[in-house]
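The values are calculated or read from the model by the stated rules, or taken from the named source; none is laboratory data. Nothing here was measured: the structure is a model prediction, and the numbers come from that model. Note that we place each Cβ from the backbone using ideal geometry, even for glycine, and neighbour counts take in every protein chain shown. In case anyone asks, the SASA skips ligands and DNA or RNA and just uses the protein heavy atoms, side chains included. Shrake-Rupley method; radii C 1.70, N 1.55, O 1.52, S 1.80 Å.
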Amino acid sequence: MTRALYLVHGWGFDASFWAAMLAHLPDVSTQIVDCGYFGSEHRPPLPQTPYLAAGHSAGSLALLGQDLSGCEGLVFFNGFPRFTAAPDFPDGTPERVLIRMRARLKRDPAGVLHDFRALCGTDAPLPGTPDVDALAQGLEELQSLDCRSQAANWKNKLHWMTGTDDPFGAAKAGFATPGERVEGKHLLPLTHPEFCANFVRRWLNDPR
């Protein structure tokens, strides 16, 4: 049975983030979420056929927090079940970093985004005019969400890949389930699109 993909990008990007990877999956049906950081938010309905949900970075948190009816598995790139540090999660980013980003976002959204995207590994122009409210909401979710229990519930149906040089400790830590670490930083679907597409196709063919 043909399976579909339901995709959610990370903070500071838009739906076009997936274009390079999806160019290597021309036969796969896709539903792509746009979180509205640079324009209109778009959240298509979940596919009616069996599907995998794919997330990048904060997109992994967004998916873990949803009721993904009909989903046969998760595929995460540079993802994490929690972003901020805690006593039982020392790999996370200190909460003060996000607090500062949220404060600066109000007066210099473009500067915050350029700095963040440079840290991730891209100097590409912003895809549009930043929506400060949507971006602030995204940072608040990164600051507060903890989906470790939801991630554990997926067991061996959660498949992940992250970069060995990812600047975010939460992403480098990965998940409890076995995953793959490849040479690269935080934007594997952009920097390794064919490799990521092959990873997706592997689980489309065998979602276990």
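Need the full-extension length gain, Ala103 to Thr129, defined as separation in residues times 0.36 nm minus the C-alpha distance. One decimal, nm. Walk me through the intermediate numbers first.
Details: separation 26, 0.36 × 26 = 9.36 nm, distance 1.84 nm.
That works out to 7.5 nm of additional length.
Gain in length, Glu95 to Ser16, computed as 0.36 nm per residue apart minus the alpha-carbon separation, to one decimal in nm? Write down the numbers at each step before the final one.
Working: separation 79, 0.36 × 79 = 28.44 nm, distance 2.86 nm.
Stretched out fully, the Glu95 to Ser16 stretch lengthens by 25.6 nm.
How large is ³J(HN,Hα) for each residue in region 153-170, as worked out from phi by the Karplus curve 6.51 cos²θ - 1.76 cosθ + 1.60 (θ = phi - 60°), to whole Hz, x for Gly and Pro?
Whole-Hz 3J(HN,Hα) from phi for region 153-170: 5, 7, 6, 7, 9, 9, 10, 9, 9, 9, x, 5, 10, 4, x, 9, x, 4.
Just to be sure I understand, if you calculate volume of the Cα convex hull per residue in Å³ for this structure, which of [x] 153; [y] 107; [z] 116 do you get?
Given [x] 153; [y] 107; [z] 116, the structure-derived one carries the label [y].
Under 1.5 on a/c is rounded, so check that first for region 6-69, then, if it is not, pick prolate when a/b is larger than b/c and oblate when it is not; a ≥ b ≥ c are the square roots of the alpha carbon gyration tensor eigenvalues. The partial results should precede the final answer.
Details: a/c = 1.56, a/b = 1.10, b/c = 1.42.
Cα axes put region 6-69 in the oblate bin.
Of all the accessible heavy-atom surface of the chain, with the other protein chains kept in place and a 1.4 Å probe, what percent is carbon and sulfur?
Working: 4820 of 9620 Å².
That fraction is 50 percent.
So for Thr162, Thr129, what's the accessible-area order with a 1.4 Å probe, most first? Can you show the working numbers first?
Values: Thr162 0, Thr129 110 Å².
Listed by decreasing accessible area, they come as Thr129, Thr162.
Share of antiparallel DSSP beta bridges in the chain, in percent to the nearest 5?
Numbers: 3 of 27 bridges.
Restricted to the chain, the bridges split so that about 10 percent are antiparallel.
Could you give the nm distance between label points at Ser144 and Glu41, where each point is 7 Å from its Cα heading toward the beta carbon?
Modelled inter-label distance: 1.4 nm.
Averaging sequence separations of C-alpha pairs under 8 Å and six or more residues apart, then dividing by the length of the chain, give the relative contact order as a whole percent. Walk me through the numbers before you get to the answer.
Values: 407 pairs, mean separation 52.9, N = 208.
That works out to 25 percent.
Per-residue ellipticity at 222 nm for the chain, helices alone: DSSP H runs ≥ 4 residues times -39500 (n - 2.57), over residue total, nearest 500 deg cm²/dmol? Intermediate results must be reported in sequence, preceding the final value.
On the way: 9 runs with 76 residues, N = 208.
That calculation yields -10000 deg cm²/dmol at 222 nm.
What FRET efficiency, computed as 1/(1 + (r/R0)^6) with R0 = 25 Å and r the Cβ-Cβ distance, is obtained for Lys155 and Ala23, rounded to the nearest 0.05?
Values: r = 31 Å, r/R0 = 1.26.
Efficiency, from the Cβ-Cβ distance: 0.20.
Please state the shape class of region 100-208: rounded when a/c is under 1.5, otherwise prolate if a/b exceeds b/c and oblate if not, all from the C-alpha gyration tensor.
Numbers: a/c = 2.25, a/b = 1.57, b/c = 1.43.
Here region 100-208 falls in the prolate category.
Order Ile32, Ile99 by their accessible area, 1.4 angstrom probe, all chains in place, largest first.
On the way: Ile32 45, Ile99 90 Å².
Highest to lowest solvent-accessible surface, that is Ile99, Ile32.
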